[in-house]
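K.L.:
My questions will all concern the structure given below.
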Amino acid sequence: MQLIDLSFSVEQNSSEPMPIKVKTRPHSGGSKFGRKVIFLGKKKLSDKLKALANYVSGKERITKNSFPNGEFINEQTVSLSVHTGTHLDSPSHFGTKCEGREPKTIDEIPLEWCYGNGVVLTFCNKKSGEEITQEDIKNELKRIGYQIKKNDIVLIRTDTDKKWGKPNYFFEAPGFSRGATKYLVESGVKIIGTDCYSLDKPFMAMVNEYYKTNNQECLWPAHFYGREKEYCHIERLCNLDKISVNYGFKVCCFPIKLKGLGAAWIRAVAIIE
Ligand SMILES: [Zn+2]
């Protein structure tokens with residue numbers, strides 16, 4: 001069995017315009033063990049916590065020297081967007097209604113959608129700002145000799161992930177048309193994944209088209225299609241080129257269970273038996 005990691009590391013680089021903040025309390029923080037370390041930031045402690053804080057730190061009975069090698073355990077507090085790194089967008093990200101009903105938030109996505117048969121469709125010849133259309137999908141399916149089945153997890157390979165770490169990752173990529181999205185979702189697909197920053201075209205490409213045409217349909221057509229028919233998409237996948245088959249493998253992409261939110265980080269993995 002071969003396991004292929006399809007997720008980027010969550011890290012600050014020039015491909016991610018949104019900030020990631022990490023606050024680390026190092027192992028050496030042990031010297032300030034007690035109220036200062038554990039309860040720092042909790043301005044209003046409950047009586048029970050106050051008693052506990054006083055118990056462990058009141059007389060400095062536990063100090064750095066109480067720990068092996070003088071090191072305590074470390075801790076990190078992270079502040080970042082739910083759309084940072086490799087993540088899954090739920091219908092509630094797309095709008096306030098999906099198929100006329102309340103849309104599913106990320107914690108409500110059925111686990112059955114997130115583990116299933118994978119299919120890779122390759123569009124490496126597409127230029128930046130170019131559209132991947134319904135016709136392109138049909139042609140690619142014909143080329144690889146495959147018919148989409150219900151709950152297939154369809155991975156769109158453009159090799160844009162090779163630009164990861166550089167600013168052009170954000171600016172240069174093809175994007176899905178409404179028709180391409182509709183075709184896959186109507187074929188029974190619940191999760192479409194892309195190795196680009198977004199399933200839609202890059203931000204500037206959409207905005208420029210909108211300025212030229214004043215046509216609403218130029219803006220986030222794949223995202224907004226998710227208001228009409230329920231589906232999710234994965235953004236910022238990597239290593240799709242390492243999957244040696246077009247189909248006949250499994251994909252696993254469970255999202256972190258963030259209550260009531262629109263998206264969450266995933267560790268996406270392709271499994272080839
Ligand atoms: Zn997203």
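The values are calculated or read from the model by the stated rules, or taken from the named source; none is laboratory data. Bear in mind that the values here come from a model prediction, so they are computed numbers and not experimental data. Every residue, glycine among them, receives a Cβ derived from its backbone with ideal geometry; neighbour counts consider all protein chains shown.
K.L.:
Take the residues of the stretch 1-20 that are under 14 Å from the mean Cα position of the chain (by Cα) and part of a strand (DSSP E or B): which is farthest from S198 (Cα to Cα)?
P.N.:
D5
K.L.:
With the condition kept exactly as written, say whether any residue in the stretch 238-255 is in contact with a Leu (Cβ under 8 Å, 6 or more places away or on another chain) and more than 22 Å from E140 (Cβ to Cβ).
P.N.:
Among the residues of the stretch 238-255, at least one is in contact with a Leu (Cβ under 8 Å, 6 or more places away or on another chain) and more than 22 Å from E140 (Cβ to Cβ), which makes the answer yes.
K.L.:
Quick check on my filter: what residues within the stretch 68-102 are touching a Ser or Thr at 6+ places or on another chain (Cβ under 6 Å) and modelled with pLDDT under 95?
P.N.:
Once the filter is applied, which keeps residues that are touching a Ser or Thr at 6+ places or on another chain (Cβ under 6 Å) and modelled with pLDDT under 95, the stretch 68-102 yields only Q76.
K.L.:
Being touching a helix residue (DSSP H, G or I) at 6+ places or on another chain (Cβ under 8 Å), at pLDDT 95 or above, within 13 Å of the ligand (Cβ to nearest atom) and outside any loop (DSSP other than H, G, I, E, B) is the filter here, so list the residues in the stretch 195-235 that pass it.
P.N.:
Within the stretch 195-235, A222, H223, G226, C232, H233 qualify.
K.L.:
Is there a residue being closer than 21 Å to E186 by Cβ, in contact (Cβ under 8 Å) with a residue 12 or more places away in the chain and of a type in the set (S, T, Y) anywhere in the stretch 110-131?
P.N.:
no
K.L.:
Just give me the residues in the stretch 118-167 being in a loop (DSSP other than H, G, I, E, B), of a type in the set (S, T, N, Q) and surrounded by fewer than 20 Cβ atoms within 10 Å (Cβ to Cβ), in sequence order.
P.N.:
Matches in the stretch 118-167: N125, S128, T133, Q147, N151.
K.L.:
Kindly indicate which of E71, E99, E108, E75 is at positive phi and either more than 16 Å from the ligand (Cβ to nearest atom) or out of contact with any His (no Cβ under 9 Å at 6 or more places or on another chain) (or both).
P.N.:
None of the other options fit; the residue is E99.
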